[in-house]
Amino acid sequence: MRRLSTRLAVAASAVLAALLAWVCLGLPARSEVRALATTNPARTRLMEQRAEEARAKGGKARVAQSWVPLTRVSRHLIHAVLASEDQGFFGHEGVDWRAIEESIERNVEKRRFARGGSTITQQLAKNLYFGTRKSLVRKVREFVVTRWLEGDLSKARILALYLNLIEWGDGVYGCEAAARHWYGKPASDLPAAEAAGLAAMIPNPRRLNPRVNAARHERATRRVLWLMGQAGYIGRDVAGLGAEPPPEAVAEDEEPEPAPAETPPAPGSGPAEDAPPPRP
């Protein structure tokens, strides 16, 4: 019996070691993560995933992106993103366990996956290195990179990378390209309502946007405005949405509905220049 127990322990250790090795093989180099403190990445894993998806359909992925520092991003957009995506951003170290718990409770209550509890840092890790395909191994890798990002970068830099890299429509990446694509103006000029409109798209930008479903996007925008009012970024009377939040309009990472053909602006680039964002 003792010999059998020993063999089982050895086998379990071997399996655990193999799983750990598999997780580590899919991680970026730590030096690559550290370099993000001063260097803007040229491409992300999500961009590569979209290019692969386009090639599989016989097409070519489009990329519109222009880098801007936080000093050239409307405070309303920063507030809208913080209020809707990660209200505890400045207080956690990459993972918001309370938000995860609340997310699980909502999902159980609704009996479907309504929304994850990912922080801005976790979403950045996913965009940079892993794409949208879900698996337990990806979540473990994402957790590791999230901890690295929080350890190696300032909160301002994490937020700047996030706002400049995330997807905001078919071939549209970053807040500057998004503001010009959807509202015809630079990110610095967005008023509260338009900033809320951009933040509303983040959970699923290729489906939750005004061209694919204007009514659904409007509901999501109203929810972001309500959250901004609750956080004190805008007056609650300005939001004008009552005491209860509007319902969430879309689940994360749903398959997008076909969108009309679009021609995003030409991609651009800029230096890594960040300033601390306005605090609540």
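Can you tell me how much longer the chain between Ala42 and Val63 gets when fully stretched, taken as 0.36 nm per residue apart minus their C-alpha distance, in nm with one decimal?
So the extension gain works out to 6.4 nm.
Averaging the inverse of every distinct alpha carbon separation and then flipping it gives the Kirkwood radius. What is it for segment 164-217, in angstrom units?
Here the Kirkwood hydrodynamic radius works out to 10.8 Å.
Can you tell me the equivalent ellipsoid semi-axes for segment 133-195? Use √(5λ) from the Cα gyration tensor, largest first, whole Å.
Value: 28, 16, 8 Å, ordered largest first.
Between Ala64 and residues 5 or more places away or on another chain, which pairs have amide H atoms under 5 Å apart, with H built 1.01 Å from N, and which residues are they?
Amide H neighbours of Ala64, under 5 Å, 5+ apart: Val172, Tyr173.
Could you work out how far apart the two model spin labels at Leu25 and Ala231 are, taking each label as a point 7 Å from the Cα in the direction of the beta carbon, and quote it in nm?
4.0 nm
Let me spell out the model: positive unit charges on the Cβ of Lys and Arg, negative unit charges on the Cβ of Asp and Glu, origin at the Cα centre of segment 146-229. What dipole size does that give, in debye rounded to 20?
300 debye
Here, each number is a calculation from the coordinates, and none is a lab measurement. Just so we're clear, the structure is a prediction, and the values are computed from it rather than from any experiment. Please note: Cβ atoms are built from the backbone with ideal geometry, for glycine as well, and neighbour counts cover all protein chains shown.
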